[in-house]
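Notes for the one structure printed next.
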Ligand code: SF4
């Protein structure tokens, strides 16, 4: 088999395909906010536009949703107008007037992820559909399905978050931390949570007279 590092070759392949399949966001166009940006932590979405770090992808099953979107199974991106802001969403598949989302998941998932519920619910308003389904596919190929009927209050919360992100981008203010389980996989974890440690190290360096260059 030689000395080749197959793990990093696979990782690079996943990374390249993942980039191709990502929802394209024009970071300069702050009047168009993507649904993906407001169902996740707003600070993460802000950094993705202003000062991005690459995300590390873990496996091919994470690419499923992007592949389906690319194949456009009746799921062209759609916009929802909010005065001068556009909220843009895209479903993975549309079937029999129902919206379908596909996500990878750990085995034995008992409840859908909050961000997926928010995404699906908002899509039902954007596409004006009453029913939606999230299909989670685990590593052992087992599927877990959750269905949802649309909820106005939940969509109003998304609209509020769209306006908040738009305002903060306009003012170039970093959104507050939104600590959650998302943080452990987030590419900005160090930026959010390690500053204090760096600050301490800096002040120690300064105390030793090594911190400032004139
Ligand atoms: S580490 Fe957490 S709070 Fe910070 S950007 Fe990522 S998800 Fe948001």
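Miscellaneous remarks
- Filtered residues of the stretch 28-55 (kept if more than 16 Å from the ligand (Cβ to nearest atom) and either more than 23 Å from residue 155 (Cβ to Cβ) or in contact with a strand residue (DSSP E or B) (Cβ under 6 Å, 6 or more places away or on another chain) (or both)): 28, 31, 32, 33, 34, 35
- Meets criteria (at pLDDT 90 or above and either over 19 Å from residue 186 (Cβ atoms) or more than 16 Å from the ligand (Cβ to nearest atom) (or both)) for residue 82: yes
- Residue in the stretch 167-188 that is nearest to the ligand (Cβ to nearest atom), counting only those that are under 23 Å from residue 86 (Cα atoms) and free of Cβ contacts under 8 Å to residues at least 12 places away in the same chain: 173
- Once the stretch 1-28 is narrowed to residues that are modelled with pLDDT of 80 or more and surrounded by fewer than 12 Cβ atoms within 10 Å (Cβ to Cβ), the residue that is nearest to residue 192 (Cα to Cα) is 27.
- Residue match in the stretch 190-208 (condition: at pLDDT 95 or above, surrounded by 12 or more Cβ atoms within 10 Å (Cβ to Cβ) and away from the ligand (no atom under 16 Å from the Cβ)): no
- Any chance residue 149 is more than 16 Å from the ligand (Cβ to nearest atom), farther than 20 Å from residue 79 by Cα and buried (at least 16 other Cβ atoms within 10 Å of the Cβ): no
The values are calculated or read from the model by the stated rules, or taken from the named source; none is laboratory data. For clarity, every value in this text was computed on a predicted model and none was experimentally measured. We place every Cβ from the backbone using ideal geometry, glycine too, and count neighbours over all the protein chains shown.
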